[in-house]
Amino acid sequence: MSNTSRRTFLKTTGAAAAVAMTGAARLAAKPMKKPLGLQLYSVRDQLPTDFEGTLAKVHADGYTVVEAAGYYDRTAKDFRKAMDNAGLRCVSTHHALNVLETELDKWIEYGQTLGLEYIVCSSSGGMHRDPAKKGPPTLDDWHWIAGEFNRIGEKVKAAGMTFGVHNHTPEFAVIDGTLVYDELLRLTDPKVVVFEMDAGWVFASGHNPVDYLSKTPKRFPLMHVKDMIPGADGKETMTVLGKGKIDYAPIMRAATGLKYYFVEQEQFEMEPIEELRLDAEYMRHLGV
């Protein structure tokens, strides 16, 4: 399919342009050059009851690298052994900022044993410079958070890994005329802090992932890939890749600094492993 036949993912920043093509029409024959990755939060309900079996099914779906979201009470050696047995590599992990604030050394040591390349802050919204404060973070709080990212990033880098920041939608709040995400990019040191763009939440916030990827592609070596459709309550809800609004062809073309992407599906209509297989199929055949 020619590029001129594709609809623009978002016409302007803040305007969500629905792509009226079917998932199949967006697929092309050229395979992805990046390893097929999965954020294990997608199988959070299956892992506690059948850890090894679920990992084997993930690999059977075609995934070869994963990002952890919890370790299910396993030691780093046992977790790594389970990954090896399943034919998977765990290259990245998620920890909330409050955990990194209090247990950083513990999870750095765990990550080294596991062989991680990245330790990522999964969620930073809600933290305050003053722990006694309540409510959404102020711009001053976000400035403090950016400083903490730099501090954590230096320790993670010294341990032989890279620190990353994952977004939801709070990072796209506008406070006193300032877009928080832009401020985080400005205030964090590129030498010690990278960003894991969750393209789905960027889209849900009314922004265009391509805009950020085009400006500073090297700041984004990691990406979460998810698709969304409007839910009954008017909020975005997740669906199988290719069935929602998001066309990943222009996003992936713009992501020239990308090293790993991770499919993440948090809601399912069918059996999760089957839907993750369909997600894998979409990514394998995406022409970028």
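The numbers here are math on the coordinates, done by the rules we state, and not lab data. Small disclaimer: the values here were computed from a predicted structure and weren't measured. Glycine also receives a Cβ, built like all others from the backbone with ideal geometry; neighbour counts cover every protein chain displayed.
Data overview
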{"item": "21 Å Cα-Cα threshold exceeded, pairs from K191/K215; K106/K259; K33/K245; K226/K259; K34/K218; K218/K243", "result": "K106/K259; K33/K245; K218/K243"}
{"item": "Structure-based [θ]222 nm, the chain - -39500 (n - 2.57) summed over DSSP H runs of at least 4, per residue, nearest 500", "result": "-11000 deg cm²/dmol"}
{"item": "Nitroxide proxy distance, nm - points 7 Å out along Cα→Cβ at E52 and D176", "result": "5.6 nm"}
{"item": "Positive minus negative residues near Y118 (Lys, Arg vs Asp, Glu; Cβ under 10 Å)", "result": "-2"}
{"item": "Segment V99-D84, length gained on full extension (0.36 nm per residue, minus Cα span)", "result": "2.7 nm"}
{"item": "GNM flexibility winner over the chain from Y71, Y248, Y260 (Cα, springs under 10 Å)", "result": "Y71"}
{"item": "For T169, net neighbour charge (Lys/Arg +1, Asp/Glu -1) across residues whose Cβ lies under 11 Å away", "result": "-2"}
{"item": "Computed magnitude of the charge dipole of segment 35-285 (debye, nearest 20; Cβ of K, R +1, Cβ of D, E -1)", "result": "740 debye"}
{"item": "Protection proxy ranking of 196-206, 39-49, 210-220 - average other beta-carbon atoms within 10 Å, highest first", "result": "196-206, 39-49, 210-220"}
{"item": "Under Karplus coefficients 6.51, -1.76 and 1.60, residue-wise ³J(HN,Hα) of segment 249-265 in Hz, glycine/proline x", "result": "4, x, 5, 5, 5, 7, 7, 6, x, 5, 10, 9, 10, 10, 4, 9, 10"}
{"item": "Three principal axis lengths of the chain [C-alpha, angstrom, descending]", "result": "50, 50, 35"}
{"item": "Chain lengthening between K235 and K157 when straightened (0.36 nm per residue, less Cα-Cα)", "result": "24.3 nm"}
{"item": "Contour minus Cα-Cα distance for R284 and K33 (0.36 nm per residue)", "result": "89.5 nm"}
{"item": "Exposure proxy ranking, count of Cβ atoms within 10 Å, fewest first, for R277, R284", "result": "R284, R277"}
{"item": "For the chain: relative contact order, % (alpha-carbon pairs under 8 angstrom, 6 or more apart)", "result": "24 percent"}
{"item": "Test item: Cα-centred dipole of segment 46-109, Lys/Arg +1 and Asp/Glu -1 on Cβ, debye", "result": "220 debye"}
